[in-house]
Amino acid sequence: MSQVFKSTRVLTAEGLRPAALFVDGERIARIQNWDDVSAAATVHDFADAVILPGLVDSHVHINEPGRTEWEGFSTATQAAASGGVTTLVDMPLNCIPETTDVAALEAKRVAAQGKCWVDWAAWGGVVRGNSEALPALAATGIPGFKCFMIHSGIDGFAWVDEPELRLALAKLRGAGLPLLVHAEVAGPVINATDALSAAGADWRRYSTYLASRPDEAETEAIALLIRLAEEFETPIHIVHLASAKALPMLAEARRRGTRITVETCVQYLWFAAEEIPDGATEFKCAPPIRSKGNSDALWNALEEGQIDMVTTDHSPCPPAMKRREEGRWDQAWGGISSLGLALPVMWTALERRGSNVPEGMERIGSWMGAKAAQLAGLSGRKGVLAPGADADFAIFDPDAAWTVAPEHLHFRHKLSPYLGAALHGRVLQTWLRGEQVFSAENFIGQPRGKEKVRR
Ligand SMILES: [Zn+2]
């Protein structure tokens, strides 16, 4: 069955323009002029609403199997669909078992069956002592691996030091798969935390938490990762860069041709430390949200192409684990819930920074579509509107104004620092491989999401 999706504002390779997307089955067959619509096809005319590619979020924590009371495939993929995101790539640590061998990946695949409203993929885990398991895991079609250089929060997902990183990078050499790294080292965090506690710091204050995870934890980690990326030529990807102090060395390494890519997250661009209330542990994430000046520097780097992409690092937990009553930053679980909000939040921020609709949509399409798809081994298949790509669409009204309320959140626990945010731009509909999955806060049909493996 062929269908046509048309609007006066379609995000194509040539930018935002009037166009008609011809879809055969689950894929885009061709892109025609806006008025070039054959009579035989079903026509979906979205008038002036923007047609974006379904977005790709390469950094989410779905927590299934094993911690489904934290989140799960059903709620996470509904949240994604509500925000125009049609591909999630799940992190390997919060599920039980952790995704550190083939059997664990198979358990995740079984757990996902019949629950997913959008497509998904899984990062494999690199932990202390599992380097022998990596080649078999790499052969399953996963897009790459994730590791920590500091305690992950999950005891079963052990962090790796330089010798362990070297073992893993040697095993992955030539596989062409990226190693994603949580780039904070423990030393500066332990020293700062001990000094704060010795001085009797008040752990309800955000400034205490911020001081406990200094920039140096990130810059030391990233300096080591640059050296390793150059030595092993295995692509390294820095997840959730929060410290702008690492930007000069990353820019220099990239100029030299080092295979290192960088993401930052929506929360580091939207919030600033100065605005975070004491005790408001729904803002806790690691690395922490830093100053307004730091956020501005991340924005500049993103706009100059020194940061490649933007993810959410959606990382929920049961609300009790945020320990909101005590409000102690050292005792609360770290992780921000935001899945489904990234597109309107980023568009609202871009508009404030002076972007018009065409520029803003192109940037979002690159940072949250094409670049994230490339990292996940899905170039040309997800995150773009082009012949051969999956017919995944986010239908977006950039002019709608709304305020985030619990009924807009489709992830399991409705605790988020974005509650009450006044946003511009709203996802009207989401389509997955040629079929509508979301419209006006409703989910349509059955969960059809599938795992997307690397080809
Ligand atoms: Zn994460």
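Okay, here's what the table says:
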read-out: Some residue of segment 92-103 being touching a residue at least 24 places away in the same chain (Cβ under 8 Å), crowded, with 24+ Cβ neighbours inside 10 Å and closer than 24 Å to Gln446 by Cβ; value: yes
read-out: All positions within segment 338-347 that are more than 16 Å from the ligand (Cβ to nearest atom) and either part of a helix (DSSP H, G or I) or open to solvent by 10 Å² or more (accessible area, probe 1.4 Å) (or both); value: Gly340, Leu343, Pro344, Val345, Met346, Trp347
read-out: Test: residue in segment 178-185 that is of a type outside the set (Ser, Thr, Tyr) and surrounded by fewer than 18 Cβ atoms within 10 Å (Cβ to Cβ); value: no
read-out: Enumerated helices (runs of 4 or more DSSP H) restricted to segment 245-337, each holding at least 1 residues that are surrounded by fewer than 17 Cβ atoms within 10 Å (Cβ to Cβ); value: 247-255, 292-303
read-out: Selected residue (criterion: farthest from the ligand (Cβ to nearest atom)) from residues of segment 201-244 that are open to solvent by 20 Å² or more (accessible area, probe 1.4 Å) and among the hydroxyl-bearing types (Ser, Thr, Tyr); value: Ser207
read-out: Scope segment 415-443; condition open to solvent by 60 Å² or more (accessible area, probe 1.4 Å), assigned to a loop (DSSP other than H, G, I, E, B) and modelled with pLDDT of 95 or more; matching residues; value: Leu419
read-out: Pair list, Cβ < 8 Å and 6+ apart or interchain, from segment 246-272 residues that are over 20 Å from Met368 (Cβ atoms) to residues that are basic (Lys, Arg) and part of a loop (DSSP other than H, G, I, E, B); value: Ala272/Arg290
read-out: Enumeration of residues in segment 121-137 that are open to solvent by less than 10 Å² (accessible area, probe 1.4 Å) and either in contact (Cβ under 8 Å) with a residue 60 or more places away in the chain or basic (Lys, Arg) (or both); value: Ala121, Ala122
read-out: Residue check, Thr312 modelled with pLDDT of 95 or more and within 16 Å of the ligand (Cβ to nearest atom); value: yes
read-out: Residue satisfying all of: in segment 109-119; open to solvent by less than 10 Å² (accessible area, probe 1.4 Å) and of a type outside the set (Val, Ile, Thr); nearest to Thr261 (Cα to Cα) among these; value: Asp119
read-out: Matching option when the condition is of a type in the set (A, V, I, L, M, F, W, C) and assigned to a helix (DSSP H, G or I), among Ala158, Ala168, Ala175; value: Ala168
read-out: Residue list for segment 179-195, filter: within 16 Å of the ligand (Cβ to nearest atom) and outside any strand (DSSP E or B); value: Ala183, Glu184
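The values are calculated or read from the model by the stated rules, or taken from the named source; none is laboratory data. Fair warning: this is a prediction, and the values are worked out from it, not measured in the lab. Cβ atoms come from the backbone with ideal geometry, glycine included; neighbour counts cover every protein chain shown. In case anyone asks, the SASA skips ligands and DNA or RNA and just uses the protein heavy atoms, side chains included. Shrake-Rupley method; radii C 1.70, N 1.55, O 1.52, S 1.80 Å.
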